1. Would you mind checking which residues have amide H under 5 Å from residue 64's amide H? H placed 1.01 Å from N; only 5 or more apart, or other chain.
2. If you rank 48, 112 by how much accessible surface each has, with a 1.4 Å probe, what is the order from largest down?
3. Using r as the Cβ-Cβ distance of residue 97 and residue 54, and R0 as 25 Å, what FRET efficiency do you calculate, to the nearest 0.05?
4. Starting from the 7 Å offset along Cα-to-Cβ, what nm value, one decimal, do you get for the label separation of residue 187 and residue 65?
5. Just subtract the alpha-carbon distance of residue 23 and residue 168 from 0.36 nm times their residue separation and send over the number in nm, one decimal.
6. For the chain, what is the percent of antiparallel DSSP beta bridges, rounded to the nearest 5?
7. Any idea what the dipole of the chain comes to, in debye rounded to 20, about its Cα centre with Lys/Arg Cβ at +1 and Asp/Glu Cβ at -1?
8. By per-residue mean of other Cβ atoms within 10 Å, what is the highest-first order of 83-90, 69-76, 171-178?
Amino acid sequence: LPTLLASLVIVVSMMISNAVWAETVRIATGQDFRPFEFVDENGKPAGVVIDLWRLWSKKTGIEIEFVPAVWGQTLEMMQDGRADIHAGLNATEERRKFLDYGAPLINTNSYVFLPTGMELSGSLDELRGFRVGVLRGSLEEYLITKNIPAAVVVPFDGIDELYDAVAQDRIRVFADVEQTALYFLGKRNQTKNFRHDA
């Protein structure tokens, strides 16, 4: 069952600009994209990608300020100039209209997650008619909308909203980055109730 949506690369992205860096560079970061970018229990930005940016700041001497937000808002911040850099996200045709991409940072995989016991024969086309939960503004939303127009894409503004809907059986099929999905399913004791084809 190849439920893999795409092999993803999280990349540094910057607004297209020839401007010289200001004294402090504002970096848009997801507030709930675990384990990559999130806000910890102390209200501080944390995660693998955040650690890389802190190291970059230390090595370059350029001051940085993280600006956490829900995922869709991080993209808006890049478009309206509230942020200079996005901490990390995947490239899409739409995003390339307002972002310039740097070198890859981390490889990830996104999958469609199905209820345990539900079988598809191997084609994503079989998602036609299914309500598929996604994070608003995510690569998963973009790919499903573009490639499976007959699927009913149900976007959620925040990741907790998506996984609360999953835990409450309001969403039975959803798509997300593997590590993120497993974290939020585990947090809600739902791991055994869903499967993906790794």
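1. The list, which skips near neighbours in sequence, is 25.
2. From most exposed to least exposed: 48, 112.
3. 0.25
4. So the two model labels end up 2.7 nm from each other.
5. Between residue 23 and residue 168, full extension yields an extra 47.6 nm.
6. Here the share of antiparallel DSSP bridges comes out near 60 percent.
7. Result for the chain is approximately 200 debye, rounded to the nearest 20.
8. 83-90, 171-178, 69-76
The values are calculated or read from the model by the stated rules, or taken from the named source; none is laboratory data. The structure presented is a predicted model; accordingly, all values stated were derived computationally and were not measured. Here the Cβ is made from the backbone with ideal geometry for all residues, glycine too, and neighbour counts use every protein chain on show. Heads up: the accessible areas ignore ligands, DNA and RNA and are worked out on the full protein's heavy atoms, side chains in. Shrake-Rupley method; radii C 1.70, N 1.55, O 1.52, S 1.80 Å.
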